[in-house]
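These notes are about the structure you will find just below.
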Amino acid sequence: MRPIQSFERATVASRPKRAPREDRGARLFATTESSILAAARGAAESPLDQLLRTGEAATNAACPPEMASIGDRFCVDRFEASLVEVLPNGEERPVSPYETVDGRIVRAVSARGVIPQGYVSGHEAARACARSGKRLCKPVEWRQACTGSSGKGWGYGEQRERGRCNDHGRSAMGVLYGPGRDGDPTYWNMTKMNNPELNQLAGTVSKTGEHEACTNDYGVYDMVGNLHEWVDDRGGRFQGGYYLDVTQNGDGCNYKTKAHENWYHDYSTGFRCCADVTL
């Protein structure tokens, strides 16, 4: 197993402005870091070891412990992904969920109780899954995993229950920059939309599994809301909505955005991995 190196956080804490927001982000990442490390170390552990460590058992032996079996057809991560950076010496360290990847070699891990990775592109997500022996979900797989075995449009049911998932509709851009106009390039640009402070604002992205009722009978969490999730689509697609919006481009599990190619990333874009079953 590859050694894992602890990571000294280099987020926005050194900036003089907006200290309360930055302090919140540093505190959240401090608790996130140890969980990401534990998930990275536990990627190859047995189902019994995982049960002893987390209190959760794999839903099917055909899938790795951190994944759920979707009708014995494929596996899906139970939680939105976090990233660890793979260093030249083989050691690993967590990547801040508030930072862009910026050319680093990273791989995906799935863990409960952490801030999941935003600011990630479709290409970066696909490579991160591959380095963990997984892949991005196909669009149809993602929807099947979201709707559960009964095909419910919101996963937990046929009707939306506000607040059951992280779908409360707060605009981080509006809070940080003030109201913007549709199509205004001075407002909606890559620099502003990748500001690490956006997801450090209170009431934005939630820890994985924090909304315990945002799940289905497969035991997969946060597929509606929290962060957009990239899927395997050559033209670029993410599904499920995020904490600001879960209805604009379809409702709940039927939400899909095809406005951006796979190179794109902003504060709202995350992912989770799928894998083939092992029989």
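Read the figures in this text as sums done on the coordinates, not as results from a lab. Note that the coordinates shown come from a computational prediction; the quantities given were computed from them, not determined experimentally. Using ideal geometry, Cβ is built from the backbone for each residue, glycine included, and neighbour counts are taken over all protein chains shown.
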Solvent-free Debye scattering, log10 I(q)/I(0), computed from the Cα coordinates of segment 111-244 at q = 0.18 Å⁻¹
-1.13
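How high is the relative contact order of segment 117-238, in percent, with contacts defined as C-alpha pairs under 8 Å that are six or more residues apart?
Values: 122 pairs, mean separation 42.6, N = 122.
Relative contact order of segment 117-238: 35 percent.
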Translational D in µm²/s for segment 141-220 (Stokes-Einstein at 10 °C, 1.306 mPa s, Kirkwood Rh from C-alpha pairs)
107
Output the peptides 166-179, 253-266, 198-211 sorted from most to least packed, where packing is the average of other Cβ atoms within 10 Å over each peptide's residues.
198-211, 253-266, 166-179
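Chymotrypsin sites (Phe, Trp or Tyr not before Pro) within segment 59-134: which are DSSP loop residues with at most 12 other Cβ atoms inside 10 Å?
Values: sites: 74, 79, 98, 119; in loops: 79, 98, 119.
Here no chymotrypsin sites (Phe, Trp or Tyr not before Pro) fit, given the DSSP loop and packing criteria.
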If you take the beta carbon distance between residue 131 and residue 217 as r and set R0 to 35 Å, what does 1/(1 + (r/R0)^6) give as a FRET efficiency, to the nearest 0.05?
0.70
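Among 109-116, 139-146, what's the highest-first ranking by average C-beta atoms within 10 angstrom per residue? Can you show the working numbers first?
Numbers: 109-116: 24.5, 139-146: 20.6.
For the peptides 109-116, 139-146, the packing ranking is 109-116, 139-146.
If packing is taken as the average number of other Cβ atoms within 10 Å across a peptide's residues, how do 81-87, 244-250 rank, most packed first? It would help to have the intermediate numbers written out before the result.
Details: 81-87: 23.4, 244-250: 16.3.
Result, highest mean first: 81-87, 244-250.
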Could you give the size of the charge dipole of segment 167-279 about its Cα centre, using +1 on the Cβ of each K and R and -1 on the Cβ of each D and E, expressed in debye and rounded to the nearest 20?
280
